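Let me begin by presenting the structure, written as structure tokens, before commenting on it.
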Amino acid sequence: MAEEKKKKAINFREMSTCDATVQMLEKAAADGVETAFTRAAEMKACPIGADSACCKHCSMGPCRLNPKDPYSKVGVCGATIDTIAARNFARMVVSGAAAHTDHGMSMLDVFREVVSGHLTEYKIKDEEKLRSVAESVGIETAEREVLDIAKDLYKELERTYTQVEGEIPFAKRVPEKTAENWRKLGIMPRGAMRELMETMHRTHMGVDQDYDNIAKQFSRTALSDGWGGSMVATEISDILFGTPKPLVAGVNMGFLKEDHVNVIVHGHEPNMFESMIDAVNDPANIDKAKAAGAKGINLLGMCCSGAEVLSRHGVPHAGNFMSTEAIIATGAVDAMGVDVQCIKQALAPLSECYGTKFVTTNPRAHIEGAIHVELDEHDPRKCVDRIVDMAIERFRSARPERIVIPQRRDMGIHGFSHEYVNYMLGGSFRGSYVPLNDNIINGRIRGVAGVVGCTNPRVKHDYVHVECVKELIRNDVLVVQTGCSQISLAKAGLMKPDAAVLAGDGLREVCETVGMPPVLGLGSCVDNSRILIACAEMVKTGGLGESIADLPVAGAAPEWMSEKAISIGQYFVASGVYTIFGVTFPTLETTKFHKLLFDGLQSQYGLGKWDFAVDPIEMAQKMIAHIDERREALGITGERERKLASMDDRRAI
Ligand code: BF8
Ligand code: SF4
């Protein structure tokens, strides 16, 4: 009874600024089903775990230290708070980096099979990109056949994973001064498998027990993700499925159609989705849907799978991570096909409640209660056609009595890439980053911020992303985005060119001249590698220092939740970028390890640094303060008008 009362007291308006999500959370509650929002409200996060003050690396423990007095105790083996927190952090990096690199390796597997002629379902779609990626890693391309280049590129990129000595191939893209610093510190990644293995070894009981040395190794591991696994995932996906170019596309649940068979793809690897696009456009499948009484088949994306095809093909996106359960609660989803990462286990029982066919397709990710139909890349249509069949069957015979589709459709421009930024600002005949650098130097653009990452029920859904980005553009900071954050801002209407009115005078002038929005969506989470490449291009173009650490840029993950976010944060920090996270941070402020992350990596080692704030305005202000510090060091503060206002003034705007 007490439990019942607690559930009724939840005010979903306080949990999300997404109207459609709130409406569906209320429906789910009325339908008597739980969601992550209700579970988070009922389950307090473990305070010792949140501070990373516990260790369960061996059975002499688990050992819990006292977060209020972290140096008062050590673990049974003698491990200090710094060792324990550094090891925990390292293992988060390993897990996140492994997710991205394994995803990248899957894409490389597909590429190998395409190049060797064993897989005919996919093709090399973007030959120009193939050539430019090959050239960037030193492969000769002049007067060579596409397939020859592709075979060499496969062999070269395989080293990203398997190499035991030497430097990963994309180290060639890193600005020289940044790479030199990595070599000096011993954090230039070798191969991802080696780095992941070594970090797991070093964090075993009784191995590396010096937080500083552990931090160097998890930096190297994270770099093997950002400049390795993630970058391979992005580049190979572009080569196989096309490099995104800006297009108008829609986001939100209003794209579900009651009179159509609705199919959603959720996860991260783009290949299943690409095949699903073929399946839903196949006249034979459309005829089957019509025979079942539907007007057609309607395909939507979700999370990062959705962000990839939103960028490449303009397929509508239903919602980000904290909307996934709400979307099922519409009752309108006939089938959901999933592959890997960020797929809540709760989606399986929830789908059962609403009769949605919930289908796992990847051998790495079965979910109890889901239907498993494995995707074989050599014959992907077999899997996706079965999902379509199940969706049609559910439409015909098992739709719930009440379907509610929130009528929100948010249009915007998606599909920017570092290649397109080059073209957009420089024009087709003089594509370059010079205009971007010039506008930063002359102060119209104060700096560039990457605002990325998850949504999380521990903070108000979408709110922290949106308010942080608004504050940044208001202060002339150009924002680039990926992942779930991009979807938050798309729903808030900031991906449209007319959102330039919300920008400061300088940024607005640039946006209006070029016709671009002040917030540029670059795709999925592995596409954070596009931001790294853009940073490298800014350094190489000149005028903004010699290393990434010199650039007036900053990164943020305002509502992060996944270990992948920690790996991403760490590879940005190790690349030289000031990076701020919200929600919570897994260190204790009073410890040496915390000080290393939040100061020492920058001051002692010339890398970037971590920071933390929960409030979106404070978060943006801290990013702006860092950007201004960098401008000052570069001597480009110039005459630009600086809008200084108190925090209260800014909140009042
Ligand atoms: O890789 S932003 S919730 S969907 S982890 Fe997951 Fe976070 Fe979304 Fe994609 Ni990225
Ligand atoms: Fe405790 Fe040390 Fe074992 Fe960790 S490794 S559980 S701190 S004894």
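The values are calculated or read from the model by the stated rules, or taken from the named source; none is laboratory data. Everything numeric in this text was worked out from a predicted model, so none of it was measured. All Cβ positions, glycine included, derive from the backbone under ideal geometry; neighbour counts span all protein chains shown. SASA here: full protein model, heavy atoms, side chains in, ligands and nucleic acids out. Shrake-Rupley method; radii C 1.70, N 1.55, O 1.52, S 1.80 Å.
Does ALA536 satisfy the criteria of being in contact with a His (Cβ under 7 Å, 6 or more places away or on another chain) and small (Gly, Ala, Ser)? Criteria not met by ALA536. Where strands (runs of 3 or more DSSP E) sit wholly within region 536-615, those with at least 1 residues that are closer than 21 Å to ARG458 by Cβ and open to solvent by 20 Å² or more (accessible area, probe 1.4 Å) occupy 610-612.
Does THR35 satisfy being within 16 Å of ligand 1 (Cβ to nearest atom), in contact (Cβ under 8 Å) with a residue 12 or more places away in the chain and hydroxyl-bearing (Ser, Thr, Tyr)? Against the criterion (within 16 Å of ligand 1 (Cβ to nearest atom), in contact (Cβ under 8 Å) with a residue 12 or more places away in the chain and hydroxyl-bearing (Ser, Thr, Tyr)), THR35 qualifies.
Here's the yes/no breakdown for (1) surrounded by fewer than 23 Cβ atoms within 10 Å (Cβ to Cβ); (2) under 18 Å from GLY319 (Cβ atoms):
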position	(1), (2)
ILE239	no, no
LYS245	yes, no
ALA249	no, yes
GLY254	yes, yes
GLU258	yes, yes
VAL261	no, no
PHE273	no, yes
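Of the helices (runs of 4 or more DSSP H) lying entirely inside region 393-487, those carrying at least 1 residues that are of a type in the set (Asp, Glu) and surrounded by 18 or more Cβ atoms within 10 Å (Cβ to Cβ) are 418-426, 463-474. Cβ-Cβ distances below 6 Å connect no pair with a first residue in region 57-75 that is under 12 Å from ALA85 (Cβ atoms) and free of Cβ contacts under 8 Å to residues at least 12 places away in the same chain, a second residue that is outside any loop (DSSP other than H, G, I, E, B) and open to solvent by less than 100 Å² (accessible area, probe 1.4 Å), and a separation of six or more residues or different chains.
Just a yes or no: is a residue in region 90-109 touching a residue at least 12 places away in the same chain (Cβ under 8 Å), open to solvent by 10 Å² or more (accessible area, probe 1.4 Å), of a type outside the set (Ser, Thr, Tyr) and more than 30 Å from HIS57 (Cα to Cα)? Looking for residues that are touching a residue at least 12 places away in the same chain (Cβ under 8 Å), open to solvent by 10 Å² or more (accessible area, probe 1.4 Å), of a type outside the set (Ser, Thr, Tyr) and more than 30 Å from HIS57 (Cα to Cα), one finds at least one in region 90-109, hence yes. Look at (1) open to solvent by 80 Å² or more (accessible area, probe 1.4 Å); (2) within 16 Å of ligand 2 (Cβ to nearest atom) and you find that CYS54 fails only one, number (1).
Residues in region 26-34: is at least one over 30 Å from ALA326 (Cα atoms) and not hydroxyl-bearing (Ser, Thr, Tyr)? No, because not a single residue in region 26-34 is over 30 Å from ALA326 (Cα atoms) and not hydroxyl-bearing (Ser, Thr, Tyr).
Screening region 182-242 for helices (runs of 4 or more DSSP H) wholly inside it with 1 or more residues that are away from ligand 1 (no atom under 16 Å from the Cβ) and either closer than 24 Å to GLY600 by Cβ or of a type in the set (Gly, Ala, Ser) (or both) returns the ranges 192-202, 211-224. Do we have any residue at all in region 137-147 that's closer than 23 Å to ALA574 by Cβ, assigned to a helix (DSSP H, G or I), out of contact with any strand residue (DSSP E or B) (no Cβ under 7 Å at 6 or more places or on another chain) and open to solvent by less than 10 Å² (accessible area, probe 1.4 Å)? No: zero hits. Does ILE84 satisfy the criteria of being in a helix (DSSP H, G or I), without any contact (Cβ under 8 Å) to a residue 40 or more places away in the chain and within 16 Å of ligand 2 (Cβ to nearest atom)? So ILE84 passes the test. Helices (runs of 4 or more DSSP H) fully within region 298-357 that include at least 1 residues being open to solvent by 10 Å² or more (accessible area, probe 1.4 Å) and more than 20 Å from VAL280 (Cβ to Cβ): 347-354. Checked against (1) surrounded by 17 or more Cβ atoms within 10 Å (Cβ to Cβ); (2) touching a strand residue (DSSP E or B) at 6+ places or on another chain (Cβ under 6 Å), HIS366 passes all but a single condition, namely (1).
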